[in-house]
Each structure stands twice: as C-alpha cells, then as structure tokens.
1. Kindly indicate whether Val111 is outside the structural domain of Val21 (by TED's automatic domain parsing) and either in contact with a Pro (Cβ under 7 Å, 6 or more places away or on another chain) or loosely packed, with under 15 Cβ neighbours inside 10 Å (or both).
2. If you go through region 93-108 one residue at a time, do you hit one that is modelled with pLDDT of 95 or more, in contact with a Cys (Cβ under 8 Å, 6 or more places away or on another chain) and among the small types (Gly, Ala, Ser)?
3. Considering only region 85-111, how many residues are under 15 Å from Gly10 (Cβ atoms) and assigned to a loop (DSSP other than H, G, I, E, B)?
4. When you scan region 91-120, how many residues do you find that are over 18 Å from Gly46 (Cβ atoms) and in contact (Cβ under 8 Å) with a residue 12 or more places away in the chain?
5. If I ask for residues that are under 22 Å from Glu226 (Cβ atoms) and more than 18 Å from the chain's Cα centre (by Cα), which ones from region 68-87 would you list?
6. Could you list, in sequence order, all residues of region 9-59 that are free of Cβ contacts under 8 Å to residues at least 60 places away in the same chain, more than 16 Å from Glu155 (Cβ to Cβ) and not acidic (Asp, Glu)?
7. Please go through region 208-250 and give me each residue that is without any contact (Cβ under 8 Å) to a residue 40 or more places away in the chain and surrounded by 14 or more Cβ atoms within 10 Å (Cβ to Cβ), ordered by number.
Amino acid sequence: MTNHNTAPIGVFDSGAGGISVLKRLWALMPNEQFLYFGDSANAPYGTRPLEEIRALTVKAVEHLLDEGCKAIVLACNTATSAAAKELRETYPDVPIFGLEPALKPAALSGVHPTVVVMATPLTLREEKFRALTERFEDLCELIKLPAPELVELVEQNKMGTPELRTYLEDLFAPLDRDKIDCLVLGCTHFPFVKRELRAILGDRPVFFDGAVGIAKYAKLVLDLREMRAPLEAEGEIRFESSDPEKLPLLRQLFSFEL
C-alpha cells in the first residue's frame with residue numbers, strides 16, 4: 001500500500017454500476033490512474049444479508065489496497081451502507097469515499113417536492129438511509145421505491161430492451177407519475193436506464209444521483225491532502241472484475257452517454 005501521488009485511485013462496485021461514478025471521476029481528474037474493480041460474480045449486493053455484503057466489500061477493498069491504491073471510492077450505495085464505517089476505522093490513513101442517495105439536493109430543490117427514492121432494498125432498510133430521511137423528510141413528500149431486479153438487468157446489459165421497459169412500467173404502476181417532482185437514483189447502476197425512465201415518467205421529474213457530488217468531493221480532498229498526480233501526468237483506467245466475462249460490459253458502459 002502506498003500514498004505516492006502517482007498511485008491509482010481504486011473504484012469499487014458490486015458490479016458494473018460504479019462505472020457511472022468512474023466516468024465523473026475521470027472527467028474531473030483525467031491525469032489520474034484509476035483501478036476499477038467490479039464484483040460482478042457476486043452481484044447484486046442489494047438483496048444479500050448485511051454481513052455478507054460487508055465481508056465482500058472489505059475483501060474487495062483489501063485487494064485494491066494490495067494493488068497500491070492511494071484512495072478508495074465505494075461507488076456503490078449498498079457497499080457504503082454496509083462497510084464504509086468499518087473500513088475507515090481499519091484504514092484511517094486512506095481516504096475512503098462513500099455514496100449515499102442524493103436525497104438532500106432533491107428535498108431542497110423546491111417547496112415540499114414529491115421525491116421518489118429508487119434504490120436497492122438494503123440501501124432503503126439501512127440505518128444510514130434512515131438517518132438521512134429523518135433529516136429531510138419534513139421538507140418533501142418522500143416515497144421509497146425498492147427496485148431489487150434492476151441491478152441485474154443492467155448487469156445483463158438489458159438497456160433498451162422490452163424486458164427492461166416492462167419491469168420499469170410495473171415498478172412505477174402504483175405511483176401517480178404526474179406528481180413526481182424528483183427521482184433519486186439511489187444505486188450507481190440506475191443512471192444507465194435514464195433513457196427508459198424518461199420515456200416512462202415524461203419530462204417533469206428532475207433526476208438526482210450522487211456521482212457528480214462524490215467525484216467533486218474526492219478531488220477536493222485529494223487536492224487538500226496533496227495526493228493528486230502531477231497535472232502533466234497521463235491518466236489511465238484499468239478494469240478488473242471477479243467475473244472476467246463482464247470486462248467487455250465495463251468498457252462498453254464507460255462509453256455510454258449518461
């Protein structure tokens with residue numbers, strides 16, 4: 001493990017969804033080295049028991065640190081909920097950045113807006129999200145929408161398919177779509193289905209996700225700690241997956257227009 005400035009930034013997700021975060025990180029810090037690890041062999045995390053998710057996340061982060069990463073981005077809301085606190089206690093000298101659903105900007109976006117938070121079941125159940133809702137639930141009409149199968153549909157590269165469209169139609173069927181002001185994409189896989197969501201929900205809802213915020217925060221912290229690569233350095237991205245057959249999907253999603 002090293003904190004040398006030219007060491008890579010490790011980006012971890014349960015599968016391919018964290019590519020949506022990697023794209024934002026790369027846009028802000030194209031002179032950095034990035035090592036992306038997707039645990040697609042064990043995806044989806046959001047339907048697994050908490051202790052299992054924590055163990056898988058810790059194992060993945062240990063791998064990234066063994067590869068020399070100077071900082072870790074948990075590009076997964078579920079992994080953040082399960083393991084960020086423990087990892088920060090274990091590695092106090094390593095900047096570890098975690099995601100949470102972008103409820104705050106959504107709740108503050110208007111006068112008592114109707115906010116739908118779409119996430120994995122575990123993210124919506126976890127104490128971290130419960131504490132977040134307690135801070136902002138008085139400012140908005142909050143609707144929790146578990147989407148347990150959507151991660152797997154993205155992992156299977158089903159974007160643009162009738163199967164995905166049907167799943168989303170059924171998911172939103174119980175809601176009054178015309179009254180949704182904000183849709184929080186509480187999983188890093190979900191930005192890859194924005195096109196289908198927009199077709200179903202129309203132009204009214206504003207979409208929120210945490211990728212831009214975490215990328216800006218990571219850049220700020222690394223700048224303040226003087227851990228950034230030299231500005232003239234040539235950046236590079238390496239992709240790894242616990243399921244090597246998913247590597248083409250990771251590269252494909254990196255070129256996906258969000």
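1. Numbers: outside the structural domain of Val21 (by TED's automatic domain parsing): yes; either in contact with a Pro (Cβ under 7 Å, 6 or more places away or on another chain) or loosely packed, with under 15 Cβ neighbours inside 10 Å (or both): yes.
Criteria met by Val111.
2. Yes: one or more hits.
3. Start the filter on region 85-111 by keeping residues that are under 15 Å from Gly10 (Cβ atoms), which leaves 87-88, 90-91, 93-99.
Now restrict to residues that are assigned to a loop (DSSP other than H, G, I, E, B): 91, 93-95, 99.
Qualifying residue count, region 85-111: 5.
4. Looking only at region 91-120, we keep the residues that are over 18 Å from Gly46 (Cβ atoms), and these are 91-97, 104-115.
Now drop any that are not in contact (Cβ under 8 Å) with a residue 12 or more places away in the chain, which leaves 91, 93-97, 104-110, 112-115.
So the count comes out to 17.
5. We begin by selecting, within region 68-87, every residue under 22 Å from Glu226 (Cβ atoms); these are 68-73.
Answer for region 68-87, where residues must be under 22 Å from Glu226 (Cβ atoms) and more than 18 Å from the chain's Cα centre (by Cα): Gly68, Cys69, Lys70.
6. Of everything in region 9-59, those that are free of Cβ contacts under 8 Å to residues at least 60 places away in the same chain, more than 16 Å from Glu155 (Cβ to Cβ) and not acidic (Asp, Glu) turn out to be Pro49, Arg54, Ala55, Thr57, Val58, Lys59.
7. Leu247
Here's the yes/no breakdown for (1) over 23 Å from Leu124 (Cβ atoms); (2) of a type in the set (D, E, K, R):
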residue	(1), (2)
Val21	no, no
Leu25	yes, no
Leu28	yes, no
Val58	no, no
Asn77	no, no
Ser81	no, no
Glu86	no, yes
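The values are calculated or read from the model by the stated rules, or taken from the named source; none is laboratory data. What you see is a predicted model; the values in this text were computed from it and never measured. Methodologically, a virtual Cβ is constructed for each residue, glycine included, from the backbone with ideal geometry; neighbour enumeration extends over all protein chains shown.
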